[in-house]
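Structure first, then comments.
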Amino acid sequence: MSTALRRLRYLPYLVNAGFAAAALALLFLTLRAYSSPFALIAVKAAALGVVILALLWLIAVAGERINTVVCVILVGLLALGQWRLSARRVEDYPAGLTRKPAPYVMFTGAPRQLDHNELGYRGELPAPAKPAGEFRVLVVGGSAVYGTGPARLTIPHHLQDLAVRSGRGQVRVYNWGVVSQVSAQELATLALRAARYQPDLVLLYDGGNDMSGAYTYDPRPGYPFNFVLQESAVAVFQEGGLSVLAAGALTQSNVVRILFGPELADAVARLPPVRRRVGYGTPRWEEAVARTYLENVESACRLGEAWGFRVAVALQPIVYFSPQADSYRGVPADFRPYAERQYERIRAGLRELSGRIPADRCRFDDLSRVCARGECTFQDMIHPTAETRAPIAEVIFRGLEQAGYLPPPREAERPLPAS
């Protein structure tokens, strides 16, 4: 026991040495950083140098008492920062539960966690053998389909309510939304998952993730959310890569991620070289992002024709086409003109597809202006609040109804006329 207690005297030295090693790793990553302004890099590097020298002095010169006091202070500050800096987006969509790796489709929600079914989607899973008389609708999209909050406030649930209230009790609507999903993943979902469940109609509610994901995360048109990180993780095991490994370990700290975000992102994702290769920010790159989305939704239509179900594509609204546009400050200033240009390209492409593909096979709806008069309130760039999703669902439902994409109301269930 006495030997163990004597060894504990050295614990503060070891912890302080660990802090010094982490600071050295951050200094190395900071000096290699691309994205921060040089002045900021210099300030961070100088601050890290002071911290490293102070920690080395503590370990080499200061006594046990001072090392213990500094160790307790540093651990306490780090713990407090971890608690205070829990990001809201992670709370809304916990990554481990909403982006669980899945074969071929990249990721889904974690199966049988939260309110997910066996495939990782919210709510009930369709029966493999479709009951006689059921008209099956799969709503596929990103987090705007998945929805935060109670399931009854999601767009698929609103569509289900509208079907029942219109006398279409045979319609069953299923939520196949996946957080951060893009159109290429949706296309894979249709080919590898949806067809076996015999849908009558697949509704793709999307566009926003394809446009914003290429701007913010992996810049390659059509690539899944942060696919470049998946490549880096595999490269660590296949080829080595100490800087990537060190940066990945340091990103586990909320404090470090806030203070050294650009440096860690450059070390792990290496976005600047990828962006240079694809011409990030150029008109050619913007056109490729929009064209890839349009090609994917066209392929989804042709896939539906081959498998015997209709496809309806709905270009989702975003905050920039609502009364909140001028007051929203959640992204860099140059993102809004980029988003507006991309939506104009996509809207023009959807009009061209509508004129080329027969309307009885596939439908293309531009919902980008559906909130133009304040019909819904956005909590961020892409997500209407849970309480204001109903108007969007109503526009979708009326469009499907008028186009003949839904079965006629059953006479016995037909709603009574208003008195």
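The values are calculated or read from the model by the stated rules, or taken from the named source; none is laboratory data. Please read these numbers as outputs of a predicted model, since none were measured by experiment. Every residue, glycine as well, gets a Cβ built from its backbone with ideal geometry; the counts of neighbours run over all protein chains shown.
Structure notes:
Here's the yes/no breakdown for (1) of a type in the set (Gly, Ala, Ser); (2) in contact with a Leu (Cβ under 7 Å, 6 or more places away or on another chain); (3) buried (at least 20 other Cβ atoms within 10 Å of the Cβ); (4) within 16 Å of Val139 (Cβ to Cβ):
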| position | (1), (2), (3), (4) |
| --- | --- |
| Gly169 | yes, no, no, no |
| Tyr174 | no, yes, yes, yes |
| Ser183 | yes, no, yes, yes |
| Thr189 | no, no, yes, yes |
| Tyr223 | no, no, yes, no |
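- Residue check: Gly308 meets all listed conditions (1) farther than 21 Å from Gln181 by Cα; (2) within 24 Å of the chain's Cα centre (by Cα); (3) surrounded by fewer than 12 Cβ atoms within 10 Å (Cβ to Cβ) but one, namely (2).
- Taking the criterion of being out of contact with any helix residue (DSSP H, G or I) (no Cβ under 8 Å at 6 or more places or on another chain) and either under 28 Å from Ile318 (Cα atoms) or not hydrophobic (A, V, I, L, M, F, W, C) (or both), the residues of segment 122-142 that qualify are Glu124, Pro131, Gly133, Glu134.
- Residue match in segment 335-352 (condition: assigned to a loop (DSSP other than H, G, I, E, B) and either small (Gly, Ala, Ser) or farther than 26 Å from Glu286 by Cβ (or both)): no
- Exclusive hit being part of a loop (DSSP other than H, G, I, E, B) and either on the phi > 0 side of the Ramachandran plot or modelled with pLDDT of 90 or more (or both), set Leu97, Leu114, Leu56: Leu114
- Selection count, segment 215-233, where residues are under 14 Å from the mean Cα position of the chain (by Cα) and acidic (Asp, Glu): 1
- Taking each residue of segment 106-119 that is outside the structural domain of Ala188 (by TED's automatic domain parsing) and looking for partners that are surrounded by 17 or more Cβ atoms within 10 Å (Cβ to Cβ) and in a loop (DSSP other than H, G, I, E, B) with beta-carbon atoms closer than 7 Å, six or more apart or interchain, yields nothing.
- The condition (being in contact (Cβ under 8 Å) with a residue 60 or more places away in the chain, in a helix (DSSP H, G or I) and out of contact with any Lys or Arg (no Cβ under 8 Å at 6 or more places or on another chain)) is satisfied by just one residue among Ala300, Ala290, Ala314: Ala300.
- Restricting segment 251-299 to residues that are among the small types (Gly, Ala, Ser) and under 30 Å from Val75 (Cα atoms), the residue that is surrounded by the fewest Cβ atoms within 10 Å (Cβ to Cβ): Gly261
- Any hit, segment 380-400, residues being free of Cβ contacts under 8 Å to residues at least 60 places away in the same chain, over 25 Å from Val311 (Cα atoms) and basic (Lys, Arg): no
- So Gly349, is it small (Gly, Ala, Ser) and buried (at least 18 other Cβ atoms within 10 Å of the Cβ): yes
- Inspection of segment 204-223 identifies at least one residue that is aromatic (Phe, Trp, Tyr), within 19 Å of Pro384 (Cβ to Cβ) and assigned by TED's automatic domain parsing to the domain that holds Arg122.
- Just one of the listed residues (Pro103, Pro126) is touching a strand residue (DSSP E or B) at 6+ places or on another chain (Cβ under 9 Å), at pLDDT 85 or above and not assigned by TED's automatic domain parsing to the domain that holds Gly248, namely Pro126.
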